[in-house]
Every structure is written in C-alpha cells, then in structure tokens.
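The next block holds one structure in the form of structure tokens; read it before the comments.
The values are calculated or read from the model by the stated rules, or taken from the named source; none is laboratory data. The structure presented is a predicted model; accordingly, all values stated were derived computationally and were not measured. FYI the Cβ positions are ideal-geometry reconstructions off the backbone, even for glycines, and counts take in every protein chain you see. Only protein heavy atoms, including side chains, enter the accessible area calculation; ligands, DNA and RNA are left aside. Shrake-Rupley method; radii C 1.70, N 1.55, O 1.52, S 1.80 Å.
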2 protein chains.
Amino acid sequence: MTLCWRCLLTQREVEEAVLGRIRPQAAEQEEILAIAREIIDAVNASGIAEGMLVGSVARGTWVQGDRDLDIFMLYDPDLTKEELEERGLALARSIATRFGDTWREKYAEHPYINATIRGFDVDLVPCYRVASGAEIRSAVDRTPFHTRYIRERIAPLVDDVLLLKQFAKAGGVYGSDQMTEGFAGYLCELLVLHYRGFLPLLRAAARWKPGLFIDIEGHAAKTFDEPMVVVDPVDPKRNVAASVSLSQMFAFVELCRGYLDAPSDRFFFRPAGEFFTQETFAALVADRGTYLYAVTFATPPFIPDVVVPQLRRSLEGVRALLERSGFPVNRAEEAMGEERCMLLFELFAEQMPAVVRHVGPPVWSRENAEKFAVMWRQRKHFCGPYIENDRYVVEIERKYTRAAALLASPELLGVGLGKHVKQAMEKEWKVLEGEECWSPVFAPFFTAFLQKESPMARVLRNGK
Amino acid sequence: MTLCWRCLLTQREVEEAVLGRIRPQAAEQEEILAIAREIIDAVNASGIAEGMLVGSVARGTWVQGDRDLDIFMLYDPDLTKEELEERGLALARSIATRFGDTWREKYAEHPYINATIRGFDVDLVPCYRVASGAEIRSAVDRTPFHTRYIRERIAPLVDDVLLLKQFAKAGGVYGSDQMTEGFAGYLCELLVLHYRGFLPLLRAAARWKPGLFIDIEGHAAKTFDEPMVVVDPVDPKRNVAASVSLSQMFAFVELCRGYLDAPSDRFFFRPAGEFFTQETFAALVADRGTYLYAVTFATPPFIPDVVVPQLRRSLEGVRALLERSGFPVNRAEEAMGEERCMLLFELFAEQMPAVVRHVGPPVWSRENAEKFAVMWRQRKHFCGPYIENDRYVVEIERKYTRAAALLASPELLGVGLGKHVKQAMEKEWKVLEGEECWSPVFAPFFTAFLQKESPMARVLRNGK
C-alpha cells in the first residue's frame, strides 16, 4: 500500500513547505526596497510632497513573486481637491516618466498613476497627510495609517499573514474588489493579529456565523449591519470587512474546516483551470435540459469596481423582468470581458403560452374598476373581466411568448440598468441562445457556471 | 329607428313586470299553506313536539314556483341530543310515510327527513325549543327565531325581498352553501329591512367596500373579521354574511351598479346556458396555448357542503405541489359531479428541465452542512454543492419533469387533501390531459372555466 506523500505530511510540515515557496527571498526583497527608496527620494526631493511606501511591501507581508509596489505622496491638507489632483498627478507623471518603462493614468475615487518600473507594477497615489484615520478626506488618506498600524504590530506574525494570504488567494476569496467580494490584504492582517496566528484564526473561522463582530481597539463608533464586521483600528466608523459577501465569508469558513480536517498544500496552490470546449458546454447544457440566453454588449470603458456592480444590478433587473413575464430563471450570472460584457440567464422554459392573467383594480374603487371593465370588454382578450376576491382579473394575450423576443425588446432598457451599462446597451446589445452563447474568451466563465461549486468541492476535485 | 322594448321600460316598470312573474299566485299560496297546516297539525297531535312553519313560506317571501317547504318540530330542551334525534326522526318518518310520496333521511349538523309531498320538497327538521337565539344548541334551533323576527317586520317590504332574491338568483350569488358562497334568503331579508327596500339597498351596495358592517339591533357581542358583516338580530355573536366570499360580495356590487345604470329584466332572468362542445373546448384551449390537467376520482358520498370545502383545500394543496415542483399554474378550479369529482389545473408548462436547485442548510450549521455536502458529493448531481449567501445549494435531477407524471404520483396523497377526498383518492384517481379532460357531464364546468367572467359581463353578453 502506498500513501500519497501529502497524507504523510503534518499540518506544520505543510505550512513550512508552503512558506518556503512564498516567503520573499533576500535578493527580491533588496531589489523591491531599493526601487521604493529611489522613488520616495524623488518624491521628497520635489519639496511639495512626502513619499511613503505603503501596501504589503511596507508591512513586510508580501508574497514571493508579487510585483506590486504602492507609493503614496502625502500633501498638505490645506490644498483643495483640485490642487491636490493637479499637483499630485504632475509630480507622479514626472516620476513615472523618469523611472518607468510605461505608465498610464488611472482613476479610483481620485486619479493616480500606474507605472511599470523595472518589471514592477507601481502605483503612485497622491493623498492628504491628515491627523488621524477618522479625519480622512478621501479613502486613500487612510492607507498610511493602516500601514503604520500593521507595521508596528505584525513582525511576530508575518509568516501567518503570508500563509493566510496564500490560502485566501488559492481559495478564490482574496481581494476586496467588487468582482471577488472577498478578504482584503489589510483584513487578512487584522484577522491574524486578532486571533494571534493563522491556525487559531482558522479554528475560530470554522465556527463563524453571520453577525461576526471583531473590534480590536474596542472603539466602534456606529452600528454595522453587515454579516461580518471588523472595525478598522484606525477609523472607528469603518468596517474593514464591509466588502466581504456572505457567500465569500462562508466559502472561507468551508475552506478553514476542510484544511483543519485534512491539511494539504492543495489549499495554497490551485492548479491551472481546464476549461470546457464548446462541445462539452453544449453537451452539459443539453443534459440539464435548460435554456441558456446571453445578453452581450460593449464593455463600458471603466474599471471593474465601477462596472461590475452595475452588471449585477442589471442582471437582477433583467432576471426580475423575465420572472414577472412568466419565464422562471434557474440561475443568472454576469461577466465582464475586455470587449464585451455578458448577462447570462439559465431558464426553465423558452416559451410561454399565449394567455396571461392581468390583475386589475379593486371592484370597490368604482371609477377605476368601471374604466378597466369597459376597456377590456372592448379589447381582444381570452376571458374576463372576472372577479377574484375584490379585484377584477382579465386574461389577455401575453406580449412576449418567447424569452428571446423579450430579451431583444426595448423592455430591457427599462429595468434599472446601471448608468454605464445602459449607455452601452442604448447603442446595441445581442441576444445569444444555447450553444451560440459560447465563445473562447468566456470559456472560463461558462466552465465556472456549469461546474459551479464551493471552493472546498474544487479542492477535493483537484485532489483526485 | 327602432328601440329595444327593454330600453323603453323604466326601472319601476321593469320591477313591476318582474314581480308579476315571481309573486306567488293565490291558488299556489292556498295550496302550500294547506299542506303546511296539515303537517303541523300532525306534529302537534303527537303531543311530544310543536310544529312550526319556517323558511320563506312562513315569512311570505317565497318566489312563485318555489316548491320548498320547511317544517320544524320543536322539542323540549331537556332532551339529550340522542333523544332528540331518535324521537324527532321517528315522528318525522311517520309523518313522511303518512303524507309523502317518497322520503329519505338527510344529514346536516343533525339528521332530518326530506320528503316529497304532493309535488313539494318538504324538510321535516327536529330542533330544540330554546329561549333565545343566543342559547341555541344546534344551528337549526336558531331558525324559528329568524322566522319570527322577519315575520314581524317584513310585511311592507315583501315585494322588495322577492325582487332581491330573484336578482341574486339570476346573478348567481343566491345561496349560502359552500358551492355558491353567496347570499342566504335570510340575509336578503335583513338587507332589505336594513336599507328599507330593494332600490335603496342596490344604491348602497354600489358603494360597498370590504369591512362592511351592519348591526340592525346594535347588539354585536364580538368582533368579526369577515369582509362583510351583518350581525344576526337574534344572535349577537353571529355574522349572517359569514358565508359570503369576497368574490361574491363584489359580484353583487357589480350587478347593483349595472342594474342602476341600465335597469332591465335581464338582471332577473338568466337564459339557459349554452355549453361548449368538445370541439370548441379543444379549440379554445389550443388558442390559449396552455396545458390542462384534470385529476378525477369518485365523488365521496356526502353532501356538497361537506365535500366542496375539501375539494377546495385539495385543489390548493395540489396547486402548491405543482408550483413548488416548478410547474406554474394559471388557474385551478374544482367541480363536484354526481359520480366523479374533478380538480382542474391550467398550467403554463407541461414539462420542466432535468435540473432543479435544491437549497441545503446554512453553512454555519456545521454538522448539517457537512452531512449535506458529503452526501451530495457522493450522489448523482449536476453541480454543487455551492455556497449562496450562507447556504449550500446543489443542482440535482428533478424528480418529475412532466406535470402528468407528478399528478399521477403518490405525492398527491401527501398534500393535505380533505378526509373524504383522501379516502376516495386512496382507492383510485385518474389524470386526464388536454382534450381528454372533457366529458358531457362537465361541459357546463368547462364552459364556465374557459368563459370565466363576472356576472355583469354575462348579463351584457346575454343581452347582445
């Protein structure tokens, strides 16, 4: 009998082996800090801003191979926002031009510069130098406080943070962006601080319930209604876990339980996915017996954190339109591609009968009731008006008997799409059916859609 | 230009003409009262009970051609229920045998005798002679009080009552039985008394709303939650309108408005219905594009007031089963035939895809969640378990992909059928589809189903 090598390793050995692969190496460390030093010197030399290294590099919690460097440029808070943006961008541009291979302007709450400098992905971000995390004028002003808070405390727990970040990344729950709705790096650091280590955190998380409340500094200054609350140690009114969705909170919980039951490096390294071909896709859809429809349109020219929430709102709007038009939806998901966005709907029916009930006013609302009855007696209808409880009901011709026709109709523009999605769809959208929904660029999306599973199910499948 | 003769009549002329056709004639009156007198004398002659003429004949509010005669036999309230039933039935049987052509025992809350005597349909009902309507021991004990109450007051309004009864009959809202859920004769009399006439009642009813409250004696002794409340003048805890459904209340409201707008004898006499043939039925269903399914079984051997509520409960139970199994229902109705009962469902789909979502326990309920996940990873499933919010969801094979198969399955016996319906269905039931649902005996039912309309719509259609 042979045992898998994985089964022979203890949990401690698993973690040591993982750390060996993810701890930054000395040369890497020197290189990245040297670059940071040069840029900060350049910012300071300008005489108008103070350079500060922030992010995981500053906190010593970055993972081997990470190429992200965040340099903040702290300005006098007496400047107006316009002055800050203008001067900050001018300085950032001059630094990016001097050091960078390429650079471009990006936009979050405020504009900043993203440059590629000797193979590193460097963000140059202007912000205000405020007195405390509670006095910030823009979200980025808080970052220097986060950096200081963690830097002063994290030293004995750096390995634990590295393990947690790698664990969360491989589990698909790392990142507070709108697409992921998971755990930010700063949140990982706070959790490790709070529970005093990777393993104690996992043991606690295995028992998490909605309503989790962690307040390290014991200074919460409002009530939070998110299911997971971690009060920001530098801002008593902020929940660091606000972006964690309930689904991702429990995806993490499930992974923690799975790892504690059977520790393995599979929880830290995720094999490259294999995606369904169009043939497999078509065969799986045929098995399910459902009807797939994709609504696609040009991707609005904004970052995912702007577009993705709009896609989700649009998805729910179209889903509600489908359901109130009689088409029951099994599942709906959105995807944001480089060129096209997709709203995908899996329906239980592609066609609905001609007849549909239309509920009118209460009979006791005499004027409305009589208007309704007179109108429908004159128009084409199947039967009625009849009285059901205290209301008139009439059975009339359904406007859209085919889901495809409904999705191609102007009704779609009236369902509360987000602003940029609506702008894109006002130009054009396409409705694709069944197999024709598929395209290579969306293969990973369709694979995840048809193979939808919890992170633990994926770990188990990959382990086979 | 020629005007329809109807349009030339005033409302008063319409009513006079109607009264001419519905007022009992002198000969008829003499005949019915003579029979009543003979039977009452026989009851009194027994020395153990007092005979009393009740019902509309006693109150002088019966309509020409009515052949119903109600004779109550009042017994000493010291008798036990068993003694009352035994002695009452014995006396009733002997009278029925002496006067009647045929007779049979019937059963409401208590047994009574229904006899055919010289062409009249005579009920001989034993009851207690109690001191007031509030002290009754069985519902029938109240009837003598109703009779006295109305007899003492109704004389000036007899024509109005006759008009109202005829109006309600033709409108399909007369009768407090479970099938009709409409206006009892006694309720009609009280409404005419309260509003002081047929026309004032109609004018008031045109403005009725749910929450109508009428308490002629101003003695209500409880709060009622039905939408229409008429407190019984002889029992302050009883709502005479309790059996009126919201739909029938507003059917009456609609008819009142229609009559006030355009008085006509069409509101008092309803032409014999014409029923759809199987061909018309099939063509109309095809137009609607829906899927009809009938569940039929042997009619339980009980009166409609017992069976019909069970049919309604069964109908709602099966409707809920269909909907939670993925089959959306447009309309469902029940019918009680002499031999077979029918639950009829009009569906928007006959078939559903193989896949169905199955929502599991919350992930934070660790033991249940792990049991669920382990179980479904081993069983055949399409995808999952995945995490949605805080719950596991798995997509599995739908048990019944065809509505017909679901309706033929034992699941039907588990949906809270009424007792007697369940007993009948435990022996057998049939599932019919589409055109094969039709049979001549149910032709009126199918016609009403496909031509479903408010009473006013019917009046207008008949007037064409």
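What number comes out for the charge environment of A:Val231, summing +1 per Lys or Arg and -1 per Asp or Glu over other residues with Cβ under 14 Å away?
Working: positive: A:Arg142, A:Lys222, A:Lys237, A:Arg238; negative: A:Asp215, A:Glu217, A:Asp225, A:Glu226, A:Asp232, A:Asp235.
Summing Lys/Arg as +1 and Asp/Glu as -1 gives -2.
Rounded to the nearest 100 Å², what's the accessible area chains B and A bury against each other, both chains counted, probe 1.4 Å? Don't skip to the end; give the middle numbers.
Numbers: alone 22830 and 22850 Å², together 41430 Å².
Its buried surface, counting both partners, is about 4200 Å².
Please give me, ordered by residue number, the trypsin sites (Lys or Arg not before Pro) of the range A:42-130 that lie in loop per DSSP and have at most 16 other Cβ atoms within 10 Å. Walk me through the numbers before you get to the answer.
On the way: sites: A:Arg59, A:Arg67, A:Lys81, A:Arg87, A:Arg93, A:Arg98, A:Arg104, A:Lys106, A:Arg118, A:Arg129; in loops: A:Arg67, A:Arg118, A:Arg129.
Hits after loop and neighbour filter: A:Arg67, A:Arg118, A:Arg129.
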Treating the point 7 Å from Cα along Cα-beta-carbon as the label, what are the nm separations from B:Phe302 to the other copies, to one decimal?
6.3
How charged is the neighbourhood of B:Ser247? Take every other residue with its Cβ under 10 Å from the Cβ of B:Ser247, and add Lys/Arg as +1 and Asp/Glu as -1.
-2
Specify the inter-centroid distance of the range A:185-237 and the range B:233-283, based on alpha-carbon positions, in whole Å.
65 Å
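What FRET efficiency would be calculated for the residue pair B:Thr97, B:Asp287, taking the C-beta separation as r and a Förster radius of 41 Å, to the nearest 0.05?
On the way: r = 56 Å, r/R0 = 1.37.
FRET efficiency, B:Thr97 to B:Asp287: 0.15.
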Rounded to the nearest 10 degrees, the helix B:246-261 long axis (Cα) sits at an angle to the longest Cα principal axis of chain B of 60 degrees
Neighbour net charge for A:Thr97 - beta-carbon separation under 15 angstrom, K R +1, D E -1:
+1
Given the options A:Ala369, B:Ala335, A:Pro304, identify the residue whose Cα lies farthest towards the positive end of the charge dipole of the protein assembly as shown (+1 on Cβ of Lys, Arg; -1 on Cβ of Asp, Glu).
B:Ala335
Determine the share of the protein assembly as shown's accessible area contributed by carbon and sulfur atoms, expressed in whole percent, with a 1.4 angstrom probe.
51 percent
Distances in nm between the label point of B:Glu279 (7 Å along Cα→Cβ) and its equivalents in the other copies, shortest first, are 5.4
Could you pull out every one of the aspartates and glutamates with an alpha carbon less than 15 Å from that of B:Lys399, ignoring same-chain neighbours closer than 8 positions?
A:Asp287, B:Glu323, B:Glu350, B:Glu411
Using +1 at the Cβ of each Lys and Arg and -1 at the Cβ of each Asp and Glu in the range A:78-186, identify which of A:Gly119, A:Ser132, A:Ile150 lies farthest towards the dipole's positive end.
A:Gly119
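Using the heavy atoms of the protein chains alone and a 1.4 angstrom probe, what is the accessible area of the range A:355-397 per residue in square angstrom? Numbers along the way, then the final one.
Numbers: 2160 Å² over 43 residues.
On a per-residue basis, 50 Å².
Need one value for A:349-355: mean number of C-beta atoms belonging to other chains within 10 Å of its residues' C-beta atoms.
On the way: counts 7, 0, 3, 5, 12, 5, 9.
The mean count of partner-chain Cβ atoms within 10 Å per residue comes to 6.
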Ordered by number, the GluC sites (Glu not before Pro) in the range A:173-266 that occupy a DSSP loop and have at most 15 other Cβ atoms within 10 Å are A:Glu217
Closest approach to the A/B rotation axis among chain A Cβ atoms, residue and whole-Å value
A:Ala349, 3
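Return the average number of partner chain Cβ atoms within 10 angstrom of each residue Cβ along peptide A:378-390.
Working: counts 0, 0, 0, 0, 8, 10, 5, 6, 11, 16, 6, 7, 9.
The per-residue average across the peptide is 6.
Where does chain B land at 222 nm, in deg cm²/dmol rounded to the nearest 500, when only DSSP H runs of n ≥ 4 count, each adding -39500 (n - 2.57), divided by all residues?
Numbers: 17 runs with 193 residues, N = 464.
After summing the helix terms and dividing by residue count, I get -12500 deg cm²/dmol.
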Could you tell me how many degrees, from 0 to 90 and to the nearest 10, lie between the Cα long axis of helix B:278-288 and the main elongation axis, the longest principal axis, of the Cα atoms of chain B?
50 degrees
Going 7 Å from Cα along the Cα-Cβ axis for the label, what nanometre distances separate A:Glu316 from the same residue across the other copies?
3.2
Helix B:11-22: inclination vs chain B longest Cα principal axis, degrees, rounded to 10, gives 80 degrees
Any chance you could look up the accessible area of B:Trp364 with a 1.4 Å probe, heavy atoms only, rounded to 10 Å²?
80 Å²
If we restrict to alpha carbons, what Rg and Dmax does the protein assembly as shown come to, in Å?
39.4, 127
